Protein chains: 2
Amino acid sequence: MTVTIREVAKAAGVSITTVSRALNGYSDVNLDTKRKVLEVAERLNYRPSQVARSLVMKRTRTIGLLISDFNREPGGQYFMFDVLAGIHERLAAVGYDLTLVSTTTAQQRLVSYLDLCTEKRFDGVIVMGIRLDDPYVHEVVEAPLPSVVIDLPLISKHCAYVMTDNVNGSRFAVRHLLERGHRKIGFVNGHQQAAVSQERRRGYEDALRVQKIPYEEDWVYNADFTLQGGIRGLKELLERHKDMTAVYFASDLMAIGALRYCREQGIQVPGDLAIVGFDNIDLTQFVSPTVSTIAQPRYEMGTTATDLLIGMLDDNRLGEGRMLSPELIVRETS
Amino acid sequence: MTVTIREVAKAAGVSITTVSRALNGYSDVNLDTKRKVLEVAERLNYRPSQVARSLVMKRTRTIGLLISDFNREPGGQYFMFDVLAGIHERLAAVGYDLTLVSTTTAQQRLVSYLDLCTEKRFDGVIVMGIRLDDPYVHEVVEAPLPSVVIDLPLISKHCAYVMTDNVNGSRFAVRHLLERGHRKIGFVNGHQQAAVSQERRRGYEDALRVQKIPYEEDWVYNADFTLQGGIRGLKELLERHKDMTAVYFASDLMAIGALRYCREQGIQVPGDLAIVGFDNIDLTQFVSPTVSTIAQPRYEMGTTATDLLIGMLDDNRLGEGRMLSPELIVRETS
DNA sequence: CTGTTAGCGCTTTCAT
DNA sequence: ATGAAAGCGCTAACAG
């Protein structure tokens, strides 16, 4: 069916070695033979099998993308899609393939994700959406397989990470509210299994401390990044603190939920209550009022992760951490 | 480095043939030998190379996902992500891998997309986001490689397709407006390189005809699915027809653009002008007023496409077309 | 500059 | 029930 290197060799009247060399651009091939080989290969419509090549080269030029939960919870997808676009674009540029692997696959097969990657002979993996309490976090870090983790500060010889500087992101948000004159600022955080949640809380704390405002637990509500979580968080904080004039949410989705609640309750935003979110999802520009937020460079996170991985693969560099800068975007809610 | 079948064989004191058979669950293996082999394989942490297996089996159990333009134009991503999730989920269930290929990769490598798939030895491909004027449309249909195209009614022995029933979707939208009493209904369509655009126009036409309302060209504006396109379309149609009371947009994004324009111009929606979109993207529920729309079963499009492909691959069925039903969702704009 | 030879790690006849 | 041998399509010493 498919034409192999052997047939090209025969048709060109040379050995398969010569064909291989000619096609792979080695210099020690007579120019005429080379031309001949290329011409024949073209004519026979020869396409070298990457499978065969992978077997002998012991490299597949394929990267696995491990997505912890390829769920379609609103919000999560925006983040993932852009990161994915970044990864894919950069990978294509350097000639690597990307294969999607969801951990659910591994679960149903009862093999660890790492075994799965071994069977597929991935050259490296990028991990996205992993949680602090995921059982295979350590597997990733300790494995000899080069990996890059997104949004979790794991680092080792073969494991790099990339994340947004969430501490600073939070600082920007809270500092901005402080500059607007707010002093009673609540914080609705994401769930505690996300590494970013710890960092965002820290930034909130830091920003307050700079202004000598003591950090107090009961100004913080731990929700879960979702719309409903935002509503719950706002409700709870409002009950605890009648004098609260601003709330910072660890996700735009929560902020938008809060916005919805405010409308129902007749709370003016930003008049009665200022709001800042996190992520800069598209929605923030479409709701009314538009939502102030902290932008993460999602696409760039993807390209950066890829660069780190390729660095380990092709230039055998060691794992390192890369922190990307967030950006404050002021809109109507603050 | 990695342990091979040979080492398992040696450690178990049998031939590699026996190991292969034991591991792949053949029945003609003595139960004791089998147990022994499995035990040794487990102990040595043996992971069979799918690369080697693919080479000899001539099947990679890998599907290529061809995305015509992995761009991040707002709107397109929502559609793609959900379809992708559906494909991925179903593929994982039947033990196939999914590899992303963007056509830009092919372009930069100066090989046709089909050659690329041949080199990678995909068992099949799913094509998404292809346009009518894409040069390789025919390549897909005529290739011996099993394929499924999303949103383009291409069919052949090895090529199936899945799309939403766009004609009916449009009918639903326009009929709904007619039922609301509208008679002067404009239509802002997507770009003409999308197959869905033709169908959506047809549905618009049909629905009017049923009510004996003549279809006239100047009530239709061909835009491009984008926010700005929606604004341009609405402007133009309003200029042409002062008496227009409703507009149907071929995408939610355009409808939302229109909504924005209406707010600027003080046009009441739905009071002065009723609006219906298409796609049911998340945004429709978040903007104010919320947007009436035609929902496409995006996730299901992914799973269906996968089922069709697997059918061709594993049960060697022929290419067929599958039409999925859209659904009218009435919200505040109509 | 080119060909011979030996694998990469697996599956699969074909004997035994 | 098991093993020997061939071979999937390619690359890479090593000679010449």
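Nothing in this text is a laboratory measurement; each read-out follows from the coordinates by a stated rule. Note that the structure is predicted; figures quoted are calculated from it, not measured. FYI the Cβ positions are ideal-geometry reconstructions off the backbone, even for glycines, and counts take in every protein chain you see.
If you take every DSSP beta bridge fully contained in chain A, what fraction is antiparallel? Give it as a percent rounded to 5. Write down the numbers at each step before the final one.
Numbers: 4 of 41 bridges.
Close to 10 percent.
Take the Cβ atoms of B:ASP28 and A:ALA52, set R0 to 41 Å, and the FRET efficiency comes out at 0.85.
With a simple spin-label model that places each label point 7 Å from the Cα along the Cα-to-Cβ direction, the separation between B:LYS235 and A:HIS191 comes to 4.5 nm. The ellipsoid that matches the Cα gyration tensor of the stretch B:166-296 has semi-axes, each √(5λ) in whole angstrom, of 19, 16, 14, with the longest given first. Please list, or write none, the lysines whose alpha carbon is within less than 26 Å of the alpha carbon of B:LYS34, excluding same-chain residues fewer than 8 places away. Hits, sequence-local ones excluded: A:LYS120, B:LYS10.
With +1 on each Lys and Arg Cβ and -1 on each Asp and Glu Cβ, and nothing else charged, work out how big the dipole of chain A is about its Cα centre, in Debye to the nearest 20. Display every interim value, and only then the final one.
On the way: 39 positive and 42 negative charges, 174 e Å.
Charge dipole of chain A: 840 debye, to the nearest 20.
If you plug the beta carbon distance of B:SER112 and A:GLU119 into 1/(1 + (r/R0)^6) with R0 = 30 Å, you get a FRET efficiency near 0.50. Taking amide H as placed 1.01 Å from N in the peptide plane, A:VAL3 has its amide H under 5 Å from the amide H of A:ARG47, each at least 5 places away in sequence or on another chain.
Only Lys, Arg, Asp and Glu carry charge here, each on its Cβ (+1 for the first two, -1 for the last two); on that basis the protein assembly as shown has a dipole of about 1280 debye about its Cα centre. Ranking A:THR2, A:ALA246, B:ILE5 by Cα position along the charge dipole of the protein assembly as shown, where only Lys, Arg, Asp and Glu carry charges on their C-beta atoms, puts B:ILE5 farthest toward the positive end.
For chain B, a Gaussian network of Cα nodes joined below 10 Å ranks B:LEU259, B:LEU273, B:LEU308 by mean-square fluctuation, and the top entry is B:LEU273.
The largest-to-smallest principal axis extents of the Cα set in chain A are 88, 36, 35 Å. Amide H to amide H distances under 5 Å link B:GLY277 with B:PHE249, B:SER292, B:THR293, B:ILE294, where only residues 5 or more positions off or on other chains count and H is placed in the peptide plane.
Judged by the ratio a/c of the largest to the smallest principal axis of the C-alpha gyration tensor, the stretch B:1-97 counts as prolate, that ratio being 1.5 or greater while a/b is larger than b/c. Calculated FRET efficiency, A:ALA93 and A:LYS242, Cβ-Cβ r, R0 41 Å, to nearest 0.05? Step by step, r from the Cβ atoms, then E = 0.15.
Rounded to whole Å, give me the distance from the Cα center of the stretch A:134-181 to that of the stretch A:295-310. Using only Cα atoms, the two centres lie 12 Å from each other. Under a 5 Å amide H cut-off, with hydrogens placed 1.01 Å from N, B:ALA160 pairs with B:SER147, B:VAL148, B:VAL149, B:GLU320 among residues at least 5 apart or on other chains. Inter-label distance, B:GLU217 to B:GLU179: 3.3 nm, where each label sits 7 Å from its Cα along the C-beta direction. Backbone phi angles across the stretch A:153-166, fed through the Karplus curve with coefficients 6.51, -1.76 and 1.60 (θ = phi - 60°), yield HN-Hα couplings of x, 9, 8, 6, 4, 10, 10, 10, 9, 9, 8, 6, 6, 5 Hz in residue order; Gly and Pro are listed as x. How many percent of DSSP beta bridges within the protein assembly as shown run antiparallel, rounded to 5? DSSP beta bridges in the protein assembly as shown are roughly 15 percent antiparallel.
Could you grab the Rg to Rh ratio for the stretch A:1-48? Cα atoms only, Kirkwood for Rh. Working shown, then result.
Working: Rg = 9.4 Å, Rh = 10.2 Å.
My calculation puts Rg/Rh at 0.92.
Normalised by residue number, the volume inside the convex hull of the Cα atoms of the protein assembly as shown is 189 Å³ per residue.
For the stretch A:84-196, rounded, prolate or oblate, judged on the Cα gyration tensor with a ≥ b ≥ c (square roots of eigenvalues), a/c < 1.5 rounded, else prolate if a/b > b/c?
Judged from the Cα gyration tensor, the stretch A:84-196 comes out prolate (a/c at least 1.5, a/b above b/c).
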